[in-house]
1. Picking from 39, 66, 15, 46, which residue would you name as being at pLDDT below 95, open to solvent by less than 30 Å² (accessible area, probe 1.4 Å) and out of contact with any Cys (no Cβ under 8 Å at 6 or more places or on another chain)?
2. Give region 322-341 a look and list any residue that's open to solvent by 40 Å² or more (accessible area, probe 1.4 Å), under 11 Å from residue 353 (Cβ atoms) and touching a residue at least 24 places away in the same chain (Cβ under 8 Å), or say none.
3. Would you please name the residue that is least open to solvent (accessible area, probe 1.4 Å), looking only at residues in region 342-367 that are within 14 Å of residue 329 (Cβ to Cβ) and in a loop (DSSP other than H, G, I, E, B)?
4. Name the residues in region 171-208 that are farther than 21 Å from residue 11 by Cβ, of a type outside the set (Lys, Arg) and part of a helix (DSSP H, G or I), would you?
5. Under 7 Å between Cβ atoms, at least 6 apart or on separate chains: pull out the pairs that start in region 422-449 with a residue that is under 15 Å from residue 410 (Cβ atoms) and of a type outside the set (Gly, Ala, Ser) and end on any residue that is open to solvent by 40 Å² or more (accessible area, probe 1.4 Å) and part of a helix (DSSP H, G or I).
6. Within region 52-67, can one find any residue that is in contact with a helix residue (DSSP H, G or I) (Cβ under 8 Å, 6 or more places away or on another chain) and hydroxyl-bearing (Ser, Thr, Tyr)?
7. Show the residue pairs that are 6+ apart or on different chains and have beta-carbon atoms under 8 Å apart, the first residue being within region 79-103 and closer than 21 Å to residue 42 by Cβ and of a type in the set (Gly, Ala, Ser), the second being part of a helix (DSSP H, G or I) and open to solvent by 80 Å² or more (accessible area, probe 1.4 Å).
8. Out of (1) surrounded by 22 or more Cβ atoms within 10 Å (Cβ to Cβ); (2) within 30 Å of residue 95 (Cα to Cα); (3) in contact (Cβ under 8 Å) with a residue 40 or more places away in the chain, the odd one out for residue 209 is which?
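The values are calculated or read from the model by the stated rules, or taken from the named source; none is laboratory data. Note that the structure is predicted; figures quoted are calculated from it, not measured. Please note: Cβ atoms are built from the backbone with ideal geometry, for glycine as well, and neighbour counts cover all protein chains shown. Accessible surface areas use protein heavy atoms only, side chains included; no ligands, DNA or RNA. Shrake-Rupley method; radii C 1.70, N 1.55, O 1.52, S 1.80 Å.
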Amino acid sequence: MTIRTRFAPSPTGYLHVGGARTALFSWLYARKHGGRFVLRIEDTDLERSSAESVNAILEGMTWMGLDYDEGPFYQTQRFDRYKEIIQQLMDQGDAYYCYCSKDELEAMREEQRANKQKPRYDGRCRHITTPREGVEPVIRFKNPTVGQVVVEDAIRGNVVFENSELDDLIIARPDGTPTYNLTVVVDDLDMQMTHVIRGDDHLNNSPRQINIFKALGAKPPVFAHVPMILGDDGARLSKRHGAVSVMSYRDAGYLPEALLNYLVRLGWSHGDQEIFSLAEMTQLFDIQDVNKAASSFNTDKLIWLNQHYIKTSAPEHVAQHLSWHMGELGIDPADGPALVDVVVLLRERAKTLKEMAESSVYFYRDVEAYDEKAAQKNLNQTSLPLLEAVLVELSELTDWLAEPIHMVIKNCAEKHEVGMGKVAQPIRVAITGNTISPSLDVTLELYGRERALAAIKRCITWIKDHA
């Protein structure tokens, strides 16, 4: 048997991190077993589905590197097939027209609540053979009224539901369009899904879907319902917790490897190991090892992982992702040093790529203004002769490299009998606009000889005009 899994999001918004984790688990399970991973877009909610949301899903999958073997398939392109199955269920006597109005249904539920019963459809149209004039009926699945449904869940074990607790769900709306519980069964059947890994908010749908599978003479797939993700405060993860969209993590400066590594550890573990390459995830992951309890999102842990991947990934890979952030700042990387060199210089200091991009602007764009406090402390009449002296010596350097640059700064400080910081900090402000940068000699080497000399000259002029 070839393992077949799927990720089947609804295009009614961005790709949520909960959905991304489900996609990752499904992808890993298929890859581990040499199976097939299918992407299906469940877009039958015509009012809420949008092309923008579809693009957001595809963009998120691409960014994370979760390649799919088949698809994307769109449910709106399969309406004829759904109608065929609905008709089959009607012909078999496993579905029927329901003519109840909204008012009748609400009155029925009110009566049930008054009698302290669970509000549910009571099957009153099950045996009606004569159409009611002026009413566009829905079609309901005739759920068994006795016995049990056992959901054999790979994470939770067997979960038992009484058929008497399940009402006759609607499988087609008055306009003939199919509903979720019907379409998902038909798709999983036609696409030969062997394992359905999804959020535990779908657990209550499973017994209904299993009964439809049985009515169609088909074996249900193996289900695995993944527990929800909670925010740092223990409440269900939502927008108020900050970034919950996959691409918002990209925008915030996270590497996809960091997010994937973090997501795989939300509910799954392998001993005490915290850091997993994609190859290790694929080798070690098993859906049966996923925890039954909900997982809490810990932003600090994600930041820690992101720092790890920024420090240890190939600089070329980090630079590729950094390039997008530079573009967001309106910077063309061709206007300065190679991004790979910037990554090597800054990767020990940056928590995110956004932070790295923002702290490297001066390499590509001359400083327009100096930080007020930095200028007040370091750009004054005391520092003026030091800058003028170091400018002369730097101008005479034939090898613009970190070591000789360092010696020039050191010699200047010794000649003027001041600490190196008295020389280095004014230069740093001249170059970066503030007092924060990596090692100054390496920064100057990367910054470039002509630009560095020009920046120091501008700073000297500024001091003469302002100090």
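1. Exactly one of 39, 66, 15, 46 is at pLDDT below 95, open to solvent by less than 30 Å² (accessible area, probe 1.4 Å) and out of contact with any Cys (no Cβ under 8 Å at 6 or more places or on another chain), namely 15.
2. Residues satisfying the conditions are 324, 328.
3. Of everything passing the filter in region 342-367, 360 is least open to solvent (accessible area, probe 1.4 Å).
4. Correct list: 189, 200, 203, 204, 206, 207.
5. Qualifying pairs under 7 Å: 441/406.
6. Checked region 52-67: no residue is in contact with a helix residue (DSSP H, G or I) (Cβ under 8 Å, 6 or more places away or on another chain) and hydroxyl-bearing (Ser, Thr, Tyr).
7. Close Cβ pairs (under 8 Å, with a partner that is part of a helix (DSSP H, G or I) and open to solvent by 80 Å² or more (accessible area, probe 1.4 Å)) do not exist here.
8. (3)
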